[in-house]
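Before any comments, here is the structure.
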Amino acid sequence: MDSKKTLNFLTLWVGSTISLLILSVVLGGNIVLGNMSITRPVAGLMFGLVLTVVYFLTAPAATKLNIRVKDEKAWALVFFIANVIVIWTVKRLANITAVGISSIFFVFVVAAIITLIERFVYKYSQKTLGKK
């Protein structure tokens with residue numbers, strides 16, 4: 001990996017983690033990070049890492065599946081769907097992942113917010129770091 005991709009990955013990871021930690025405070029009992037074994041910051045870091053890895057794997061997976069996406073709004077929808085699937089899976093494995101979300105409604109809320117933040121951070125870092 002070159003330094004631009006690494007920096008882009010790290011900024012997305014930090015952005016996702018900070019937004020997850022803020023969401024867990026703002027939404028109170030509906031989103032819970034951590035359990036008896038794993039602390040809140042560690043659960044946030046791991047969940048942010050999972051979401052960042054999924055973000056970077058979604059575009060290659062879409063091309064492998066021959067999904068043709070030309071519009072920026074369509075890409076946002078693809079990333080939203082990928083985030084919903086991953087967040088719901090992590091929610092279902094709450095005993096292992098230490099991430100609890102109270103209902104599917106909050107899965108959609110978290111996925112929408114995370115998708116917006118990921119797209120903003122990615123676009124900003126592309127503009128700041130320059131194109132490949």
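Coordinate-derived values only; no laboratory data. For clarity, every value in this text was computed on a predicted model and none was experimentally measured. Every residue, glycine as well, gets a Cβ built from its backbone with ideal geometry; the counts of neighbours run over all protein chains shown.
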Six or more apart or on different chains, Cβ under 9 Å: which pairs go from a residue in the stretch 16-41 that's without any contact (Cβ under 8 Å) to a residue 24 or more places away in the chain and charged (D, E, K, R) to one that's buried (at least 16 other Cβ atoms within 10 Å of the Cβ) and assigned to a helix (DSSP H, G or I)? Could you list them?
-> Arg40/Leu21; Arg40/Ser24
Can we say Asn83 is in a helix (DSSP H, G or I), crowded, with 19+ Cβ neighbours inside 10 Å and over 13 Å from the mean Cα position of the chain (by Cα)?
-> no
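Quick check on the stretch 35-50. Is at least one of its residues of a type outside the set (D, E, K, R), surrounded by fewer than 20 Cβ atoms within 10 Å (Cβ to Cβ), under 26 Å from Lys127 (Cα atoms) and touching a Phe, Trp or Tyr at 6+ places or on another chain (Cβ under 7 Å)?
Of the stretch 35-50, the ones of a type outside the set (D, E, K, R) are 35-39, 41-50.
With surrounded by fewer than 20 Cβ atoms within 10 Å (Cβ to Cβ) added as a condition, the list becomes 35-39, 41-42, 45-46, 49-50.
Then drop every residue that is not under 26 Å from Lys127 (Cα atoms), which leaves 45, 49-50.
Still in the list and also touching a Phe, Trp or Tyr at 6+ places or on another chain (Cβ under 7 Å): 49.
Within the stretch 35-50, one or more residues are of a type outside the set (D, E, K, R), surrounded by fewer than 20 Cβ atoms within 10 Å (Cβ to Cβ), under 26 Å from Lys127 (Cα atoms) and touching a Phe, Trp or Tyr at 6+ places or on another chain (Cβ under 7 Å).
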Output the number of the condition that Val69 fails; it satisfies all remaining conditions of (1) more than 22 Å from Ser125 (Cα to Cα); (2) without any contact (Cβ under 8 Å) to a residue 12 or more places away in the chain; (3) not in a helix (DSSP H, G or I).
-> (1)
